[in-house]
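A short worksheet on the structure shown next.
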Amino acid sequence: MIAAEIAGEACSQWNRRFAIRLRDGAEVEAVLYRGDTLCVSSQVGCAVRCPFCASGANGLARGLEIEELRAQVEQVEALGVALRGVTVSGVGEPLHNAARVIEFVTWCKARGTPASLTTSGGPTTKLASFLKDVPHHGLTISVHAGTEPTRARLVPHAPTLDALFTTIADALPHLSRRRRKKTALAYLLIAGENDGDDELDAFAARAVPLDLPVHLYALNEVPTSAMRGPGRARYEAAYARLCAAGLVVRMSSQARIEANGGCGTLIALRRRAAS
């Protein structure tokens, strides 16, 4: 039996979302953005357990094997899709399955579909290695807070802000200009949680010295969480405030905010019981 196969598909204006059935009966999801970039999953579930994200709502079952990572790409390409790139930003924390993800990223580069990834940053020893040594095409580090209590609440099983920013700051002087340009921070705006001016200012104070771009996302609401997005007016105000603080801020693309496969919406199902 093949390592993974497409078990279902949903299409919308920007995204094609695939349910991927694994050899043991578990399922994860992958998303094709804009017709040429595939977002793949690295684990069945996630141990970080961010309360706003559907991917870790059922906890962590296991990491994916290298064959299962590759199969997500191969199954979508078998539909006639010509991929320009891959991002390991779906279900799971890539650094919690680091060995397999490094092997996968290396495989992607060798075949001409360079891979980027998104991580909450832990363990920090792995983050330092990914920053300096892994042949990725982009590394986005999810921060989502400016103060330690907010970080602990929103990204509960990940490094503290102090540990995260220290690791990044220590690594940056050792990066080439090209590799540094492929590194970014992410801030997901959630109403009443981290969208206040004090929280944004605290984040800016930490981020400005790093001189890295910031991806500002608005929460995609999911059935597994009561948390809500900030609304467009507040999102634009937060964007303006961070820019005024001296940060280079990038707004979400339409594909990233679609309900069909936007950030935080992908799910994982544990192995199905034998019938």
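Since every read-out is calculated from the coordinates, none of them should be taken as a lab result. Computed from a prediction, not measured in an experiment: that's the story for all the values here. No Cβ is skipped: glycine too gets one built from the backbone with ideal geometry, and neighbour counts run over all protein chains shown.
Here are some notes:
- Estimated inter-spin distance, Lys181 and Ala10, nm [label 7 Å along Cα→Cβ]: 3.7 nm
- Using the Cβ-Cβ distance between Glu77 and Lys132 with R0 = 22 Å, the FRET efficiency computed as 1/(1 + (r/R0)^6) comes to roughly 0.10.
- Degrees separating the helix 66-77 axis from the principal Cα axis of the chain, which is the longest one: 80 degrees
- For region 4-257, the relative contact order comes to 15 percent (Cα pairs under 8 Å, sequence separation of at least 6).
- Build a GNM of the chain with springs between Cα atoms under 10 Å apart, and of Val44, Val249, Val31 the one that fluctuates most is Val249.
- Relative contact order for region 123-175: 46 percent, from Cα pairs under 8 Å spaced at least 6 residues apart, divided by residue count.
- Label-point gap, in nm, between Ala240 and Ala259 - each point 7 angstrom along Cα→Cβ: 3.0 nm
- Fully extending the segment from Lys109 to Val248 would add 47.3 nm, taking 0.36 nm per residue of separation and subtracting the current Cα-Cα distance.
- Taking amide H as placed 1.01 Å from N in the peptide plane, Thr87 has its amide H under 5 Å from the amide H of Leu38, Cys39, Val40, Ser116, each at least 5 places away in sequence or on another chain.
- Relative to the longest principal axis of the Cα atoms of the chain, the long axis of helix 232-244 lies at roughly 60 degrees.
- Quarter of Cα convex hull surface for the chain, i.e. mean projection, nm²: 13.8 nm²
- In this structure, the amide hydrogen of Ile190, modeled 1.01 Å from its nitrogen in the peptide plane, lies closer than 5 angstrom to those of Asp195, counting only residues at least 5 positions away or on a different chain.
- Phi-derived couplings, Karplus 6.51 cos²θ - 1.76 cosθ + 1.60 at θ = phi - 60°, listed residue by residue for region 89-104: 9, x, 5, x, 9, x, 6, 7, 10, 4, 4, 5, 5, 4, 4, 5 Hz, with x used for Gly and Pro.
- Against the chain, whose longest principal axis is taken from its Cα atoms, helix 197-207 shows a tilt of about 80°.
- Per-residue ellipticity at 222 nm from helix content only, as computed over the chain with -39500 (n - 2.57) for each DSSP H run of at least four residues, stands at -9000 deg cm²/dmol.
- Cysteines not pairable in the chain (beta carbon separation under 4.7 Å absent): Cys11, Cys39, Cys46, Cys108, Cys243, Cys263
- Extension gain (nm, one decimal) between His157 and Arg34, 0.36 nm per residue minus Cα-Cα: 41.1 nm
- The phi torsions of region 48-60, fed into the Karplus equation with coefficients 6.51, -1.76 and 1.60 and a -60° offset, translate into couplings of 5, 6, 4, x, 9, 10, 6, 5, x, 4, 9, x, 10 Hz, rounded to whole numbers, with Gly and Pro shown as x.
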